[in-house]
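The values are calculated or read from the model by the stated rules, or taken from the named source; none is laboratory data. Computed from a predicted model, the values in this text were never measured in an experiment. All Cβ positions, glycine included, derive from the backbone under ideal geometry; neighbour counts span all protein chains shown. Heavy atoms of the whole protein, side chains included, go into the accessibility calculation; ligands, DNA and RNA do not. Shrake-Rupley method; radii C 1.70, N 1.55, O 1.52, S 1.80 Å.
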Amino acid sequence: MIVTQLAEMGKGRYKVYIEERPAFALYRGELNRLGIREGEEITQECLREIREEILPLRAKKRAMNLLQKREYTAASLREKLRDGEYPEECIEEAIAYVESYGYVDDLRYARDFIVYNMERKSRMRIEQDLMRKGICKDTIRAVFEELEEDGMRQDEVSMIRSLLEKKKYDAKTADGQEKQRMYAFLYRKGFHADAINRALLLDIT
């Protein structure tokens, strides 16, 4: 197989193309040590060393470095490693490695996120945020159920009333158009229609 291109990526890294296809990224020193040059053949032994030794080790180190700065979900960490041009098999090996030590735990991440946000965001908005981070709906539901069993239950009506107070909204003086705008605002926040109606009715009494 022929190395058809070495594309500079910055910070001394190069994307290596083999037979016109992107294969992996290596540092200049590694390219020199391994004798990888454009237009020349790359040996199977060299490929084995890169794919089974160099890149898996680097992917694990990269994952650990990222996790030292903040917590990630497994999906978010995968995306960060993909940004680093690591092959999928190396990414999965790195994810399995950090999960084995408990450094990545989607259940823990979801619980911490929900506890932190449950008095500020609607359940629907929390679910949407977590799903964007790669947490599956079953995990989110399980955490909410666990928290409810522990006595931590959201009160969306009270949350909505707090928002109404901050907005200086008075249902007694608001006209129909203003009420519709407020309803739409709360609905976009992810609050359930029943909770919105109850909160608005309570505000009238």
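Counting just the residues of segment 14-42 that are exposed (fewer than 13 other Cβ atoms within 10 Å of the Cβ) and small (Gly, Ala, Ser), which one comes out nearest to residue 3 (Cα to Cα)? My answer is 39.
Rundown of residues vs (1) open to solvent by 70 Å² or more (accessible area, probe 1.4 Å); (2) within 13 Å of residue 124 (Cα to Cα); (3) under 30 Å from the mean Cα position of the chain (by Cα), yes/no style:
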{"site": "154", "(1), (2), (3)": "no, yes, yes"}
{"site": "161", "(1), (2), (3)": "yes, no, no"}
{"site": "166", "(1), (2), (3)": "yes, no, no"}
{"site": "175", "(1), (2), (3)": "yes, no, no"}
{"site": "184", "(1), (2), (3)": "no, no, yes"}
{"site": "189", "(1), (2), (3)": "yes, yes, yes"}
{"site": "195", "(1), (2), (3)": "no, yes, yes"}
{"site": "198", "(1), (2), (3)": "yes, no, no"}
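Exactly one condition in (1) aromatic (Phe, Trp, Tyr); (2) in contact with a helix residue (DSSP H, G or I) (Cβ under 7 Å, 6 or more places away or on another chain); (3) open to solvent by 40 Å² or more (accessible area, probe 1.4 Å) is not met by residue 116; state its number. With respect to (1) aromatic (Phe, Trp, Tyr); (2) in contact with a helix residue (DSSP H, G or I) (Cβ under 7 Å, 6 or more places away or on another chain); (3) open to solvent by 40 Å² or more (accessible area, probe 1.4 Å), residue 116 is out only on (2). Looking at this structure, is residue 59 at pLDDT 95 or above, surrounded by fewer than 16 Cβ atoms within 10 Å (Cβ to Cβ) and small (Gly, Ala, Ser)? Here the answer is no, as residue 59 does not meet what is asked. What number goes with the only condition from (1) more than 17 Å from the chain's Cα centre (by Cα); (2) closer than 20 Å to residue 199 by Cβ; (3) open to solvent by less than 70 Å² (accessible area, probe 1.4 Å); (4) not aromatic (Phe, Trp, Tyr) that residue 148 does not pass? Evaluating residue 148 over (1) more than 17 Å from the chain's Cα centre (by Cα); (2) closer than 20 Å to residue 199 by Cβ; (3) open to solvent by less than 70 Å² (accessible area, probe 1.4 Å); (4) not aromatic (Phe, Trp, Tyr) leaves (2) as the failure.
Looking only at residues of segment 66-122 that are in contact with a Phe, Trp or Tyr (Cβ under 7 Å, 6 or more places away or on another chain) and in contact (Cβ under 8 Å) with a residue 60 or more places away in the chain, we find that the one that is nearest to residue 149 (Cα to Cα) is 122. All conditions in (1) on the phi < 0 side of the Ramachandran plot; (2) in contact with a helix residue (DSSP H, G or I) (Cβ under 7 Å, 6 or more places away or on another chain); (3) open to solvent by less than 40 Å² (accessible area, probe 1.4 Å) hold for residue 129, with the sole exception of (2).
Based on what the data block shows, is residue 12 within 21 Å of residue 132 (Cα to Cα), at pLDDT below 95 and touching a strand residue (DSSP E or B) at 6+ places or on another chain (Cβ under 9 Å)? No; evaluated as a whole, the condition is false for this residue.
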